[in-house]
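Input: a single structure, listed below in structure tokens.
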Amino acid sequence: MKTSTEYFTFRTREHREYINITDRVARVVAESGVQEGMVLVSAMHITAGVYVNDAEGGLLIDIDEWLQKLAPEGPEYCHHRTGESNGDAHLKNLLIGHEVIVPITAGAMDLGPWQQIYYAEFDGQRPKRVIVKVMGK
Amino acid sequence: MKTSTEYFTFRTREHREYINITDRVARVVAESGVQEGMVLVSAMHITAGVYVNDAEGGLLIDIDEWLQKLAPEGPEYCHHRTGESNGDAHLKNLLIGHEVIVPITAGAMDLGPWQQIYYAEFDGQRPKRVIVKVMGK
Amino acid sequence: MKTSTEYFTFRTREHREYINITDRVARVVAESGVQEGMVLVSAMHITAGVYVNDAEGGLLIDIDEWLQKLAPEGPEYCHHRTGESNGDAHLKNLLIGHEVIVPITAGAMDLGPWQQIYYAEFDGQRPKRVIVKVMGK
């Protein structure tokens with residue numbers, strides 16, 4: 001059984017940002033030598049997410065507007081009594097999810113034709129990490 | 001360490017449809033010979049989901065109405081500038097999730113008494129795939 | 001390859017309740033002897049969830065209010081024709097997710113500084129279970 005671990009660090013320019021990390025994850029999988037198994041891609045923060053969907057610019061705008069609608073920014077969160085102002089980012093994390101697990105077949109990620117892995121930053125402009133853990137044979 | 005991989009193909013009659021795939025996944029697990037491990041069940045599309053919940057007809061209606069409410073169909077998505085009309089299906093995928101990972105104990109899926117695995121089609125009437133990857137010993 | 005399995009049982013006082021289970025999961029990981037791998041933490045019910053986020057009291061209130069807003073209690077669910085009254089709990093389960101998978105590095109969960117694992121009960125006051133399955137080397 002083989003395992004392999006890498007950490008990516010992101011420091012976004014924008015407060016919210018969506019970054020396609022498929023190629024970077026693919027490289028970790030290739031370097032691991034794992035032929036059959038799974039790769040876990042997981043945000044190490046409670047105000048960021050990881051998801052799989054389409055790499056289409058209009059859709060990224062749709063996703064951002066949708067997250068703003070269902071988990072809006074605003075002053076009304078109890079969490080803000082701590083001095084924080086990012087209550088919405090916690091809820092966006094819960095909505096989109098913080099991790100995905102992708103199958104590995106014949107030495108590469110076994111994704112559908114349009115599936116791309118995204119890092120979704122909801123409270124950026126500071127260094128934040130994603131862990132990539134490969135496990136298989 | 002053992003792994004085993006199968007692909008299911010669905011071509012739904014309806015645009016949106018919810019299909020119980022528990023028995024089919026159970027068969028893949030049984031045939032894999034894995035006694036202890038995990039099985040990943042993952043839609044290979046960005047407009048379909050996989051989830052675990054109850055096999056109850058009324059609830060399936062509730063789930064569909066709820067998804068329509070939180071991620072409605074409509075003309076307003078930026079994604080539609082590409083000529084697509086399925087922006088809502090992308091958001092439904094993100095809401096419900098595209099994969100589940102189920103524990104395997106003593107050679108079978110270790111699900112609770114009411115837990116059933118569903119394939120959720122949000123943009124059907126054409127062939128779409130789910131990957132089932134078993135990993136364990 | 002090593003695997004290890006434990007079950008936690010919860011019987012909450014409240015109908016909805018959020019319980020930090022990070023230390024209990026950490027103990028299972030430590031006792032498993034797994035140095036590199038993953039741990040799956042999964043609710044065995046369709047009216048409860050497992051998620052990763054912050055251990056902050058105000059945020060727990062925010063999460064509960066948000067779930068009530070997006071998946072409200074009420075009489076209107078088709079599922080209630082069966083005699084059940086917990087339609088909202090099924091939708092809350094789908095929104096928050098029923099499982100997380102956490103990487104294990106150097107014999108311990110590889111979580112970010114604020115990441116805590118929560119059991120989210122949406123229809124409690126009766127015994128309900130969570131499975132913890134460790135897999136690795």
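Couple of notes before you dig in:
- Here residue A:85 sits with roughly 90 square angstrom of accessible surface, probe radius 1.4 Å.
- Adding -39500 (n - 2.57) for every DSSP H run of four residues or longer, then dividing by how many residues chain A holds, sets the calculated 222 nm ellipticity at -8000 deg cm²/dmol.
- Reported value for chain B: 104 Å³ per residue, from the convex hull of its C-alpha atoms.
- Subset of A:2/C:133; A:133/C:133; B:2/B:92; B:133/C:137 violating a 23 Å alpha-carbon distance limit: B:2/B:92
- Counted by Cβ distance under 14 Å from residue C:23, the other residues give a net charge of 0, where Lys and Arg count +1 and Asp and Glu count -1.
- Solvent-accessible area per residue, Å², over the protein assembly as shown with all protein chains present [probe radius 1.4 Å]: 37
- Centre separation in Å (Cα based) which lies between region B:26-103 and region C:35-95: 17
- Cα-based radius of gyration of the protein assembly as shown once divided by 2.2 N^0.38 Å, which approximates compact folds: 0.91
- If R0 is 30 Å, the Cβ-Cβ spacing of residue B:108 and residue A:108 corresponds to a FRET efficiency of close to 0.50.
- Residue B:69-residue A:7 pseudo-label distance in nm [points 7 Å out on the Cα-to-Cβ vector]: 4.2
- Residue A:61 versus residue A:14: modelled label distance in nm, points set 7 Å from Cα along the beta carbon direction: 1.1
- Taking the axis that rotates chain A onto chain C, the chain A residue nearest to it by Cβ, with the distance rounded to whole Å, is A:1, 3.
- Distance between the pseudo-spin-label points of residue A:129 and residue B:31 (7 Å out from Cα toward the beta carbon): 4.2 nm.
- Going from the isolated chain to the complete set of protein chains, region B:8-43 loses at least 30 Å² of heavy-atom accessible area (1.4 Å probe) at B:36, B:38, B:40.
- Of the accessible area of the protein assembly as shown, computed with a 1.4 Å probe over protein heavy atoms only, carbon and sulfur atoms account for 47 percent.
- Cα-based helix-to-principal-axis angle, C:87-96 vs chain C, degrees rounded to 10: 30
- With label points set 7 Å from Cα along Cα→Cβ, the inter-copy distances at residue A:2 are 2.2, 2.2 nm, sorted shortest first.
- Surface calculation, 1.4 Å probe, protein heavy atoms: residue B:7 sits at approximately 90 Å² accessible.
- Calculated FRET value between residue C:80 and residue B:23, using beta carbons and R₀ = 30 Å, to 0.05: 0.65
- Proximal charge balance of residue B:75 [Cβ under 14 Å; K/R count +1, D/E count -1]: -4
- Pairing chain A with chain C buries about 2700 Å² of accessible area. This figure sums both sides and uses a 1.4 Å probe.
- Local electrostatic count at residue C:85 - Lys and Arg +1, Asp and Glu -1, tallied over other residues with Cβ under 10 Å: -4
- Pair-distance distribution of region C:24-67: all C-alpha pairs, bin width 10 Å, starting at 0; shares per bin in whole percent are 20, 38, 32, 10.
- Cβ crowding within 10 Å averaged over residues, with B:36-49, C:49-62 ranked highest first: B:36-49, C:49-62
- Whole-number Å³ per residue for the convex hull built on Cα positions in region C:91-137: 105
The values are calculated or read from the model by the stated rules, or taken from the named source; none is laboratory data. A quick note: this is a predicted structure, and the numbers were derived from the prediction, not measured. Glycine gets a Cβ as well: all are built from the backbone with ideal geometry, and neighbour counts include every protein chain shown. Just the protein is used for accessible areas: all its heavy atoms, side chains included, with ligands, DNA and RNA removed. Shrake-Rupley method; radii C 1.70, N 1.55, O 1.52, S 1.80 Å.
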